[in-house]
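Structure first, then comments.
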Amino acid sequence: MTSPSCFEPLVKANTFASLPSDFYTRLPTTPLTAPRLVHASAEVAAVLGLPTEALDTQEFLDVVSGTKPMPGGDTMAAVYSGHQFGVWAGQLGDGRAHLLGEIQGPDGSFEVQLKGAGMTPYSRMGDGRAVLRSSVREYLASHAMRGLGIPTTQALSLVSARNPVRRETLETAAVVARVAPSFIRFGSFEHWAARRRPDLLRVLADYVIDRFYPECRDESHSSTAADTRISDDTSTVGDISTTGDTTTAKDYEPYVQLLRAVVRRTATLMASWQVVGFCHGVMNTDNMSILGVTLDYGPYGFMDGFDAKHICNHTDSGGRYAWHAQPAVAHWNLYQLANSLHEIVPETEPLKAALDEYEACFLGAMQARMSQKLGLSTWQAGDETLIDDLWSLMQASHADFTLTFRQLAYAPGLTQASQEQIERDLGGTVNANLLPFVDLFVDRAGAQAWLSRYSARLCSDPTQHWQERVAGMLAVNPLYVLRNHIAQQAIEAAEKGDFSEVERQYELLRDPFQARAGLEAYAAAPPAGAPHLEVSCSS
């Protein structure tokens, strides 16, 4: 008797497949040899409506390894284009990703995509595979970001196999199953704009609005700027010439509102990245989500010692995607999206007006998040200077990014907490011989001077008791982030067939704010002499 299917009862569809066939290629995945389940997330399974017991079935492994298609699904790879490192790269596409279909979960519809399941027409010179090293990093990163409350694609499962894959060395193949409401990118729009296909660009924009931004059709604001058209050079922004387009503002206003909504989401996402020291590493337009979620974990990294110019991707020799540059790069990428939408929005000024909202939205989001990180109930004049001086202090000493904000909650003179409570909440990163916060800095006198100013600022905010402030700060300043040397431990163990470290880090990163006894090493800065790990685009 055949066991009941775990996928069959789910409500499935593939609305992306309702688009014209120009947008994708239908093709099967390429099975791996003897796939083995490394880990599966019960939390993400619940998002899809999959019961926990389904994760142990052969059918689940067959689907998430690419051995068999998802029952009721429609497997395909999408085409898109994009700018890579600021240069127009032309057609790209899902070179090693297959969209299996869409599942209607308890809280909405989610697409299921496999990364590393074989070649597609968009693989170019690639082999269509992912390796265990980078797949462990992507799997854990998505859960780390989810635990931090940052919008992200979510990893459902991680599978390894015997198949050899050549990168810098010979490595082991792996597949990550990831889910998101959609995997459409800025580059999906650039693709049709570059080909001068406003008809298909409009189809894509209508699909995105109807599926994810229906409010854009309700927010009707008139635009009166002169009709204009973008230049033939798709690698530049704002080179405008007049055109005789007779499209009315009412016809294209939803597309302006779409840009405005994406601008806001992207600005907020950038603030979320910045305040936890997250560096994406390769913010090409084909890696930017139209939904404002973190997409495509390659050469990412969480900063250890603070450096505003930190580069996590050693391929990025010019520092285009350094930590301090990320907000500006996101704005540049949004200009490329606006450039594409200009094919169906003949007026320039409405698009520019939408783009102009980015800076205020980003700064507002940063102020809100930094106020929380510093335990300030309101933003006051002078807070920007206080925070800027903290960044400068951290830069001078390369103070640990994560621990600086975590330990600030218990900085000397700010609480009446017991030593036991301090050591417990700070995860063993301080002891009776170490002062929280101050001892993270080479310039201890400078740290103490800044701390005196911070203490005075707290006194001007008497609405909070110190215990309330500390609780709030501990709830937003993580103790655990996926540091490179920590992720490397999981990778090395997994390459030996030991998946217990992946499980341990998965559980830890699900709630990175709660201190765990016995896991002090995961909270600490990298030990002295720890090898420097370089991560590249091949990851």
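The values are calculated or read from the model by the stated rules, or taken from the named source; none is laboratory data. The model shown is predicted, which means the values in this text are computed figures rather than measured ones. Neighbour counts run over all protein chains shown; Cβ positions are idealised from the backbone, glycine included.
Condition first: assigned to a strand (DSSP E or B) and either at pLDDT 95 or above or under 11 Å from the mean Cα position of the chain (by Cα) (or both). Now tell me which residues in the range 142-170 satisfy that.
Thr152, Gln154, Ala155, Leu156, Ser157, Leu158, Val159, Ser160, Ala161
Out of curiosity, is Ala471 among the aliphatic types (A, V, I, L, M), loosely packed, with under 14 Cβ neighbours inside 10 Å, closer than 24 Å to Val430 by Cβ and free of Cβ contacts under 8 Å to residues at least 60 places away in the same chain?
When the stated conditions are applied, Ala471 does not pass them.
Do the conditions hold for Lys68, that is, is it among the charged types (D, E, K, R) and buried (at least 20 other Cβ atoms within 10 Å of the Cβ)?
Here the answer is no, as Lys68 does not meet what is asked.
Counting only residues that are among the acidic types (Asp, Glu) and part of a helix (DSSP H, G or I), how many does the range 335-374 have?
So the count comes out to 3.
When only residues in the range 1-15 that are polar (S, T, N, Q) and under 28 Å from the mean Cα position of the chain (by Cα) count, which is modelled with the highest pLDDT?
Checking each candidate, the answer is Thr15.
Considering each residue of the range 322-334, count those that are in contact (Cβ under 8 Å) with a residue 60 or more places away in the chain and not in a helix (DSSP H, G or I), and give that number.
Number of matching residues: 0.
With the requirement that a residue be surrounded by fewer than 22 Cβ atoms within 10 Å (Cβ to Cβ) and of a type outside the set (Gly, Ala, Ser), what does the range 155-184 give you?
Listed by number, the residues that qualify are Arg162, Asn163, Pro164, Val165, Arg166, Arg167, Glu168, Thr169, Leu170, Glu171, Thr172, Pro181.
Quick check on Phe441: is it modelled with pLDDT of 95 or more and touching a helix residue (DSSP H, G or I) at 6+ places or on another chain (Cβ under 6 Å)?
It is true that Phe441 is modelled with pLDDT of 95 or more and touching a helix residue (DSSP H, G or I) at 6+ places or on another chain (Cβ under 6 Å).
Which of the residues spanning the range 387-427 are modelled with pLDDT of 95 or more and either on the phi > 0 side of the Ramachandran plot or in contact with a Lys or Arg (Cβ under 6 Å, 6 or more places away or on another chain) (or both)?
Scanning the range 387-427 gives His398, Phe405, Gly427.
Output yes when any residue across the range 501-516 is of a type in the set (Gly, Ala, Ser) and outside any loop (DSSP other than H, G, I, E, B), and no when none is.
no
Of everything in the range 16-54, what is more than 25 Å from the chain's Cα centre (by Cα), over 18 Å from Ser109 (Cα atoms) and not in a loop (DSSP other than H, G, I, E, B)? Give them in sequence order.
Of everything in the range 16-54, those that are more than 25 Å from the chain's Cα centre (by Cα), over 18 Å from Ser109 (Cα atoms) and not in a loop (DSSP other than H, G, I, E, B) turn out to be Ser21, Asp22, Thr25, Arg26, Arg36, Thr52, Glu53, Ala54.
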